[in-house]
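What follows is calculated from the coordinates using simple rules that are stated; it is not laboratory data. From a predicted model like this one, the values you see are computed outputs, not experimental measurements. Here the Cβ is made from the backbone with ideal geometry for all residues, glycine too, and neighbour counts use every protein chain on show.
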Protein chains: 2
Amino acid sequence: MMQTPLLVGSMMEHAEKFFSKKEVISQTHDTLHRLTYKEVGHRTRRLMSALARLGIEKGDKVGTLAWNHHRHLEIYFAAPGMGAVLHTINIRLSPEHIIYIINHAEDEILFIDEDILPLIEKIHPHLTTVKAYVIMSDKSTLPDTTLQPLYNYEQLLTDGDPAYPFRHDLDENDPAGMCYTSATTGKPKGVVYSHRGIVLHSLALGLADGGAISESDTAMPVVPQFHVNAWGLPFACTWFGSTQVMPGPRFTPQRLAAFIERFRVTITAGVPTIWLGLLQELEKGNYDTSSLRSVLCGGSAAPLGLIRAFEKKYNIPFYHAYGATETTPLVTISRLKSYQQDLSEDEKLQERSRQGILVPGLEMKVIGSDGEVEWNDEEMGELLVRGPWIADAYYRDERSELAFIDGWFHTGDVVTVDKEGTMKIVDRTKDLIKSGGEWISSVDLENALMAHEAVFEASVVAIPDPEWQERPIACVVLKEGYEGQVTKDDFIQFLEPQFAKYWLPDDVLFLDAIPKTSVGKFLKRQLREQVKAHYQIKSE
Amino acid sequence: MMQTPLLVGSMMEHAEKFFSKKEVISQTHDTLHRLTYKEVGHRTRRLMSALARLGIEKGDKVGTLAWNHHRHLEIYFAAPGMGAVLHTINIRLSPEHIIYIINHAEDEILFIDEDILPLIEKIHPHLTTVKAYVIMSDKSTLPDTTLQPLYNYEQLLTDGDPAYPFRHDLDENDPAGMCYTSATTGKPKGVVYSHRGIVLHSLALGLADGGAISESDTAMPVVPQFHVNAWGLPFACTWFGSTQVMPGPRFTPQRLAAFIERFRVTITAGVPTIWLGLLQELEKGNYDTSSLRSVLCGGSAAPLGLIRAFEKKYNIPFYHAYGATETTPLVTISRLKSYQQDLSEDEKLQERSRQGILVPGLEMKVIGSDGEVEWNDEEMGELLVRGPWIADAYYRDERSELAFIDGWFHTGDVVTVDKEGTMKIVDRTKDLIKSGGEWISSVDLENALMAHEAVFEASVVAIPDPEWQERPIACVVLKEGYEGQVTKDDFIQFLEPQFAKYWLPDDVLFLDAIPKTSVGKFLKRQLREQVKAHYQIKSE
């Protein structure tokens, strides 16, 4: 067989040739843009020529600090398309972490959205490798700024070459992208994506039983482009010719709902927090969401009540998926098997609330205290994964040896697997509550609490216990109007029929909000400190 | 990213783990077998251990002479799974060609269906490399035969190890399979399939806009397993957990129709001849074909009337695909784009009769007499393709340099491409009719003739002409009951409104049958000789 490499640039070439009329619809600060793939392709080529003129060479890192929009999409293909490396930077991280990331990755150039300019102005004296800045804006004049040299994105494109070629002489194992995990402790850890990894992952997203991304889709990734390549959707949707809708900077649930209706969105993707917000918006407004064939949910486990609301109330199919920055990210997706269609509605919902079965192309195993656990839906263990779109190390980071062992990525997630091979996240290894020699899943308790009608959000953490080692404490944020209407005992009674007695939380605390990470996950480290402070327990 | 290779064996491991309950339904000479993937997996492992015990080593060729059934499927995974090479042999070829193929490939062992035994007994004195024979049968006793040594497949499995491991230490570029093209002239040419090629091709078959092969499918490949791996379906269907229905030896249209109804087949695949036969059967019987979501048709261009009958009369979606032995085989597939759904029924049918757009992962170009032709649906040129599941040479064959040039496979097919990138086969380079400096597509004329209600099959070939260089002659096989009811002039009048005057055939000959190759394609070389003999034109 021919030794043709799997390359990111080839995906855009395919879109230019076969989907030239299909559109990318992009909301920027000022404008709603509509561009065809033919135009996006030309603009990507112009950008490649501009990067080359600015001295960007093979292997150089191209940093982005940007929301979801067409310009960000163009850099997704232009950087790897000319042999450089797309480095998407999480704009929600602390300035210290952003400085660390840019210097650690050795970014040569930064592409910046205009509203992120003030942040970069503040930190730029600390940046050691950046040689040029590019501002992405609909305005033709450059802002007054201390950043030097600063280029205007659209001017670079105007001066560029619309016929500049995508490189075909790259190795498919060459780096194409980078993303740092938003670690909850310590410095962020970098993951490098190869061309091969991104292309194979895109194929998985296109599988009928994967993401089923199709030309007939109108896809709106809500998950940020700075977070694991928006789960790879911009790559897959371009390759397969889907219409793309990019909600742009600082979108609201109202904008998401309006875009779904206006552009007849068929598939959208994001974390549970986004869908909780959208659900509230749908309950307020009268939106037509009938075009939606799939809401992809990942990042954290979605509560059963959320899935039920989407599926039963709004008739929107809701797909749980699982992955991580280290896994490009798709690892499992929840789909009923054909013979599971005969289950009762409730059993189906239970099954759908699991994280699903492994995507073809990867391998998994689950390791408990005595080696591989049985797939019986009971035994818990840490999930290990392996495959061509799984990282084999953190970028220049000694912590690699803690997560990448004997050829497997140790996810840090505790799971059970049932006889169908369907995986369920039980907890993070570090969040699992160890009580009296048994394990208690904080996630199971949270999901049960979130199914209570009064609960907006709930999180469960351990506090040290002299007798039992650890005991669970539930933290609950009530929905509007329920304040003072429900008590601790109401919740304990609600949980009692569902769990063994030793699982029941020792206390229920009512909070105004659960602290979250920059990508919307519960920040349990901080919550644990809050809870311990509440009980006047000293931290270790 | 991890350097885990793409391997054929891993696809069966995935099925064992995640689709253990799903079934392979297999018709052999004597029995209808139903096995789960768990059982097929164990049997495949037993077979790998048997191959190892028989001395088969990495890179050795394992020949098969067999119909479509579960044992053939097991060899599909066992041979590459333990590092050997699956070599499927076309049982419809001449004994001379079969001898050539087995010796040229240097097969070490042959797996033979019982009804093919007489053929092998005849030729085995000429086989220079085969060290052992295995007969696949439901009978427990060995037949009386001169083949030595001869093993019984089921006995080998009984003695084998159900836990024998698939090899993970192979290079993805190692050979996994082989198939020889049924050349119409000269000796057959061998194509070697790599693990990488087969795995990537399987992903293409699983794409929502590719074959969309899914766990929810019940797939019945009618295309023989000895012909380009049954278009790769046994690999993809196993990996993605589809139920497989294998129609077994010497099936009839009646059996195909009955199996579709009985097993609720959702997807089936084969050449136009098969579908013409099935159509006649459907018109006779009262079959429930409502489960079918897709009939994949390739090998030759399907006449418009055939597509219309399936889609309009039986409401069965009919997908034209294109490929070759050298291309694993999927290259293009015909699917309407979302915005083409607004076309009239007739325009849609026209579009669907084209061979479709390129599958993601490949590249194509079309070369006319002056370099790349424009994609305007007018200019004709030869189709060139490139990609990781396209062969880069014929196996140890000097003719490689005629077809594999500058990194592209020259298909020998003349095509046009429209502005949508949708490709249409116009002819084989060697069958194109050159008349008065213009090109006439024999395939276009054939398709038009086959849309006539009286026509069962039609083929058009050139005869030499002193004035025009070549002129077309139409050869028609009438449907039963139409003999003597239609004349040459009827057909010419029928064609007149559809074509330029110089395209109209100089004559229409009525034949009892069109000569065909062993895989059901028109054998134009032989037909041309017949036609020339009819006109008493001397062959060159």
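Under the convention that each Lys and Arg Cβ holds +1 and each Asp and Glu Cβ holds -1, the size of the dipole of chain A around its Cα centre is about 1380 debye. Work out, in µm²/s and without decimals, the Stokes-Einstein translational diffusion coefficient of region A:78-120 at 4 °C, 1.567 mPa s, Rh from Kirkwood over C-alpha pairs. For these conditions, the coefficient is 114 µm²/s. Three semi-axes describe the equivalent ellipsoid of region B:252-318; taken as square roots of 5 times the Cα gyration tensor eigenvalues and ordered largest first, they are 17, 12, 12 Å. For chain B, averaging the sequence separation of C-alpha pairs within contact (under 8 Å, six or more residues apart) and dividing by the residue count gives a relative contact order of 11 percent.
The C-alpha atoms of region A:1-74 occupy a region whose extents along the principal axes are 46, 31, 19 Å, arranged from largest to smallest. A run of chain B free of exposed loop cleavage sites, with trypsin sites (Lys or Arg not before Pro) counted only in DSSP states other than H, G, I, E and B and at most 13 other beta carbons within 10 Å, reaches its longest extent at B:251-395. The Rg/Rh ratio for region A:347-447 is 0.98, where Rg is the radius of gyration of the alpha carbons and Rh is the Kirkwood radius.
Averaged over peptide A:199-207, the number of partner chain Cβ atoms lying within 10 Å of each residue's Cβ comes to 6. Entry for region A:477-540 at q = 0.17, 0.18, 0.25, 0.26 Å⁻¹: log10 I(q)/I(0) = -0.81, -0.90, -1.16, -1.15, Debye formula applied to identical alpha-carbon scatterers, no solvent contribution.
In chain B, helical runs assigned H by DSSP with n ≥ 4 each contribute -39500 (n - 2.57); averaged across all residues and rounded to the nearest 500, the mean residue ellipticity at 222 nm is -8000 deg cm²/dmol. Look at the stretch A:10-17: the mean tally of other chain Cβ atoms within 10 Å of its residues' Cβ atoms is 3. Secondary structure note: in the protein assembly as shown, about 55% of the DSSP beta bridges are antiparallel. Computed over the Cα atoms of region A:282-359, the ratio of the radius of gyration to the Kirkwood radius (Rg/Rh) comes to 0.99. Quick note on the protein assembly as shown: its Rg to Rh ratio, both from C-alpha atoms and Rh being the Kirkwood radius, is 0.99.
Per residue of B:357-365, count partner chain C-beta atoms within 10 Å of its C-beta, then hand back the mean as an integer. The per-residue average across the peptide is 5.
Its relative contact order, with pairs defined as Cα atoms under 8 Å and 6+ residues apart, puts region A:315-402 at 24 percent.
Here region B:433-534 is treated as a Stokes sphere of Kirkwood radius computed over C-alpha pairs; at 37 °C and 0.692 mPa s its diffusion coefficient rounds to 237 µm²/s.
Each copy carries a label point for B:Glu106 at 7 Å from Cα toward Cβ; from one copy, the others' points are 4.6 nm away, ordered from shortest.
Taking the alpha carbon gyration tensor of region B:177-244, multiplying each eigenvalue by 5 and rooting it gives semi-axes of 25, 13, 9 Å, largest first. Ordered from longest to shortest, the equivalent ellipsoid semi-axes for region A:1-137 are 27, 19, 12 Å, each the square root of 5 times a Cα gyration tensor eigenvalue. Relative to the 2.2 N^0.38 Å rule of thumb, chain B has a C-alpha radius of gyration ratio of 0.97.
Note on A:Thr487/A:Glu529: beta-carbon distance plugged into 1/(1 + (r/R0)^6) with R0 of 30 Å gives a FRET efficiency of 0.75. Convex hull over the Cα atoms of region B:40-110, averaged projected area in nm²? In nm², the orientation-averaged hull projection of region B:40-110 is 4.4. Starting from the label point of A:Phe456 at 7 Å along Cα→Cβ, the same points in the other copies fall at 7.6 nm, in ascending order. Set the Cα radius of gyration of region A:156-314 against 2.2 N^0.38 Å, with N its number of residues, and you get 1.16. Using the alpha-carbon positions of region B:227-287, Rg (one decimal) and Dmax (whole number) come out as 12.2, 36 Å.
Modelled spin labels at A:Lys21 and B:Glu106, positioned 7 Å past Cα toward Cβ, are 5.4 nm from each other.
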